[in-house]
Amino acid sequence: MEGSELTSLVCTQCPCLRDLNLLIMLVDASNLSVRSESLQSLWFSVWKTRQLEIVAPRLEKLSVSNAIDEARISALKLAELSNAAYDPRCHQFDVVGHRLRLLELGQSSTVASLMQQFDEVDELKLGISIPQGIDGYESFLNATNKLPKCKILSISSAWEHHGLVPGMLHLLRSCNSTRKLSLFDCCDSASKHPCLPSCPCRLEQSHRIDAISLNSLEEVVMKHRMNSAPPPSKEVREKIRRMFQPNIEVELYVFSDSEWVRMN
């Protein structure tokens, strides 16, 4: 399909459109425009999109899963956003609110910088993959220096090159109001490559716990894909639970036989 045909179909031939799922590859690299007064939900995966314009005053849910050269979005009622390909250099959110019900971001430091557009998010799902080297870690620190205020924080991590502890401590410094914290470590320990001794993640101040306040925390969920490694012993599980206040519920899961199994 040509880009002009898709634009015409959405903008002029469907005046009552509410839900739109697009999964298609255009014939040639093209510009697309989605202008709709009725659209409430958009799932966008259109390959070969060069420029994307979205003007939808009633749009509440938006998911963008593929890379786009340029994007401009106007959606004042936007409440749920999932974006795996945000680039602050060429993607603009012109007219959006400062509060979301859900913000889900892919594993990229440039995508993580999208958080700075919002002041408050009920549920923040954050994918973290820190590039190798000092520059990669500093890019992660800058992109996540200020998290929006959130009630639920879910972190999916692939910590292959840097220490898990300093990275998590950095994120927790912005979790004063968080009630539920979920951590999914999807990195195989056998594939980890230690960073250089001069990397900021190895500095003493990166391991400090001062300025971390978790007074609102009520529940912690930890999931780890063990692969060939044995599951944590009962002693290790108890040690993890003792790290938190007695009133905080701590759930531990391991991946076994193609499903997550909760450990007592």
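Any read-out appearing in this document is the output of simple, stated calculations on the displayed coordinates, not a laboratory observation. All of these numbers come straight from a predicted model, not from anything done at the bench. Using ideal geometry, Cβ is built from the backbone for each residue, glycine included, and neighbour counts are taken over all protein chains shown.
Could you calculate the FRET efficiency of E70 with R202 from 1/(1 + (r/R0)^6), where r is the beta carbon distance between them and R0 is 45 Å, rounded to 0.05?
0.70
In debye, nearest 20: dipole of the chain around its Cα centre with unit charges on the Cβ of K, R (+) and D, E (-)?
For this selection, approximately 660 debye.
Using θ = phi - 60° and the Karplus relation 6.51 cos²θ - 1.76 cosθ + 1.60, list the HN-Hα couplings for the range 211-225 in order, rounded to whole Hz, with x at every Gly or Pro.
So the J values, rounded to whole Hz, are 6, 9, 10, 10, 5, 8, 5, 10, 8, 10, 10, 10, 10, 9, 7.
Which order do C16, C11, C90 fall in if you start with the one that has the fewest other Cβ atoms within 10 Å?
Least crowded to most crowded, the residues run C16, C90, C11.
Which pairs in the list K125/K223; K149/K180; K48/K146; K125/K239 are over 24 Å apart, alpha-carbon to alpha-carbon?
K48/K146; K125/K239
Using Cα springs under 10 Å in a Gaussian network model of the chain, which residue among E80, E204, E219 shows the largest mean-square fluctuation?
Comparing E80, E204, E219 in the GNM, the peak value goes to E204.
If each residue's Cβ is checked for other Cβ atoms within 10 Å, how do Y253, Y137, Y86 rank with the fewest at the top?
Y253, Y86, Y137
Compute the long axis of helix 134-143 from its Cα atoms, compare it with the longest principal axis of the Cα atoms of the chain, and write down the angle in degrees, 0 to 90, nearest 10.
Approximately 70 degrees, to the nearest ten.
Under the classification rounded if a/c is under 1.5, otherwise prolate if a/b is larger than b/c and oblate if not, where does the chain fall, given a ≥ b ≥ c as square roots of the Cα gyration tensor eigenvalues?
Judged from the Cα gyration tensor, the chain comes out prolate (a/c at least 1.5, a/b above b/c).
Projecting each Cα onto the charge dipole of the chain (Lys/Arg +1, Asp/Glu -1 at the beta carbon, about the Cα centre), which of A85, Q116, P166 comes out farthest on the positive side?
The listed residue farthest towards the positive side: P166.
Please state the shape class of the range 1-97: rounded when a/c is under 1.5, otherwise prolate if a/b exceeds b/c and oblate if not, all from the C-alpha gyration tensor.
Oblate, since a/c reaches 1.5 and b/c is not below a/b.
Just want the ordering: V46, V250, from fewest to most Cβ atoms lying within 10 Å of their own Cβ.
Result, fewest neighbours first: V250, V46.
Per residue of the range 28-45, what does 6.51 cos²θ - 1.76 cosθ + 1.60 with θ = phi - 60° give for ³J(HN,Hα)? Whole Hz please, x for Gly and Pro, Karplus curve as stated.
The phi angles translate into 10, 4, 9, 8, 10, 10, 10, 10, 8, 7, 10, 4, 10, 9, 9, 10, 10, 9 Hz.
Can you list residues whose amide H is under 5 Å from Q92's amide H, if they're 5+ apart or on another chain and H is modeled 1.01 Å from N?
Here A71, R72, I73 satisfy the definition.
Kindly state, to the nearest 0.05, the FRET efficiency for E120 paired with S233, given R0 = 35 Å and r defined as their beta-carbon distance.
The computed FRET efficiency comes out at 0.30.
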